[in-house]
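Read-outs: derived from the displayed coordinates by stated rules, not from any lab. Quick caveat, the model's predicted, so the values are computed rather than measured. Methodologically, a virtual Cβ is constructed for each residue, glycine included, from the backbone with ideal geometry; neighbour enumeration extends over all protein chains shown.
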Amino acid sequence: MRAGRRGGGPSGGVWAPRLVGVCLLLASLTSSQSPNGVTAPLTDCSEGYLWNADRQQCLDVNECEIIPDACKGQLKCINHFGGYLCLPRSALVIRTPSGETHGGGGSGAPQPVGERPPGGHAAPPPRRAVSEAGDAAEDVMSPCAPGHDLQDGVCVDVDECLGGEPLCPPSKTCANTPGSYTCQCHSGYQESYGGVCVDINECLYGHCQQRCVNSPGSYRCQCSAGFILADNNHSCQDVDECAGEQQPCAQLCTNSHGSFQCRCEAGYSLARDRRACTDVDECRHSTSLCHFRCHNTDGSFHCSCPEGFSMHSNNRSCLDVNECEGQSGGGACRDSQRCYNLPGGHRCIDALVCREPYTQSADDLCVCPSELPACTDLPYSVRYKFMDIAGGRRVPADIFYLQSRVHYQGAYNSFQIRAGNEAKEFVLRQLNEHTAMLALIRAVRGPRDIPLELEVVTVHPLLGLHTSSLLRLHIFVTSQPFGNR
């Protein structure tokens, strides 16, 4: 509260008969003697007054009109003699019929004063003490205004609030003013009708950034979850949950405004609590990650290959190890044997030995010349072939292409399975006069060997030709599901 020179008791009324006396202005002090002996009027007014030459007196200055924004915030400016008051807008102000404000202060405009000594107010014209009944008492002249004492020739304000007897009720605080005192409501309260102090709801003025909690005589600011109150006790600052010693996330933490988000590294997924991370079983979610077998690990997986295979550089595919390569440097088979590579293994095949009356004409072919009597009822040639198929292969599947080596114009060729198909797992389908296709029609499991005899019969009615040839096809059924043959 800002105030100029004013007076008044605790209730803010005018000076009452309880005051010791009223200052009577003495006409003898309204002029002074100039050095040349000429009497001149005094024009130096007290603080808060200006000399009016027309009226030949000191007039009060209305600070509420000439001072821009004299009272800050929600307070209102009240002018009074020699100063002004900043009061709550709900404060009760009573004015006398003459327009004087009863918030304290003297009555009437003061007269000019002489030179002011340093350290205090210059003594105004003397005042005559009067009795409480209003009649003049003995002539006791006091040079100071009410509420001031003369100390070393200077009028000094009396701090009434330092007295022993309380001047204000418990709900108010005594505040000294020049020449008097006022009773003000405690901090956080404002005076209402009847002089009652009521709590100020500070939360109505938006002092808090987020949440405001009003309390008697005060208030406090609160912040939402994820924020903390700043040092100014008004603003809210984001809490970086990821920067604390106790991390809220099991693996990766990303701070956000008022919150945070947990993330997981590759190979993990966020749990239901949105904080923990659980391992992702890649092998269970996908059957195509590995060529052969998938092994789940914490946060990852790895592939393995069966015996006879090596891991590809992609760490997923399996490559067959060809045991037949480099046979000369200590190979898998004897020198007299032929090495046949299989997915995941190999076979050693003995060298071809043709039985009489057949003679060997190639590494895989035995022939029986027709001019020999013993060859009359035998197939002209017997060829030996080897192949492998993967166990569990989808059916039907074409697996071997068969072609007649005898071509006579007007001749007819027929194809048949002579042996090895007791389980009806194969069928020989003729494509044209000279070719046929061996097809697998029933699934087979390995490891297993299936020797088949396939026959091609050639007949020429005009020439009286009837001949045949055999193909002894040895099929290796492997146990690996990804056999590439």
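Data overview
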{"quantity": "Unit charges on C-beta of K, R, D, E only; dipole of the range 352-478, Debye", "calculated": "540 debye"}
{"quantity": "The range 256-400, relative contact order in percent, only Cα pairs under 8 angstrom and at least six apart counted", "calculated": "10 percent"}
{"quantity": "Stretch gain in nm, segment Leu462-Ala362, where the contour uses 0.36 nm per residue and the Cα spacing is subtracted", "calculated": "32.8 nm"}
{"quantity": "Summed side-chain charge close to Cys221 - residues other than Cys221 whose Cβ falls under 15 Å, Lys, Arg +1, Asp, Glu -1", "calculated": "0"}
{"quantity": "Efficiency of FRET between Gln210 and Asp54 - r from beta-carbon atoms, R0 45 angstrom, step 0.05", "calculated": "0.15"}
{"quantity": "Rg and Dmax [Cα atoms of the range 229-359; Å; Rg one decimal, Dmax integer]", "calculated": "30.1, 114"}
{"quantity": "Kirkwood hydrodynamic radius (C-alpha pairs) into Stokes-Einstein, the range 340-419, 10 °C and 1.306 mPa s, D in µm²/s", "calculated": "99 µm²/s"}
{"quantity": "Relative contact order of the range 369-485, defined on C-alpha pairs under 8 angstrom at six or more residues apart (%)", "calculated": "37 percent"}
{"quantity": "Formal net charge of residues neighbouring Leu365 (Cβ-Cβ distance under 13 Å; K, R +1; D, E -1)", "calculated": "+2"}
{"quantity": "Inter-label distance, nm, simple model (7 Å from Cα along the C-beta direction), Leu150/Arg445", "calculated": "13.2 nm"}
{"quantity": "Coil-residue trypsin sites (Lys or Arg not before Pro) of the range 340-420, DSSP, other Cβ within 10 Å capped at 14", "calculated": "Arg355, Arg394, Arg405"}
{"quantity": "Under 5 Å, built H, 5+ apart or other chain: amide partners of Ile399", "calculated": "Leu438, Ala439, Leu440"}
{"quantity": "Coil-residue GluC sites (Glu not before Pro) of the range 288-389, DSSP, other Cβ within 10 Å capped at 14", "calculated": "Glu307, Glu325, Glu371"}
{"quantity": "Net lengthening on full extension, Ala423/Leu167 (0.36 nm per residue, minus Cα-Cα)", "calculated": "79.8 nm"}
{"quantity": "Per-pair calculated FRET efficiency, R0 = 25 Å: Ser313 and Arg293 via Cβ, rounded to 0.05", "calculated": "0.90"}
{"quantity": "Residues whose placed amide H lies under 5 Å from that of Leu452, excluding near-sequence neighbours", "calculated": "Leu473, His474, Ile475"}
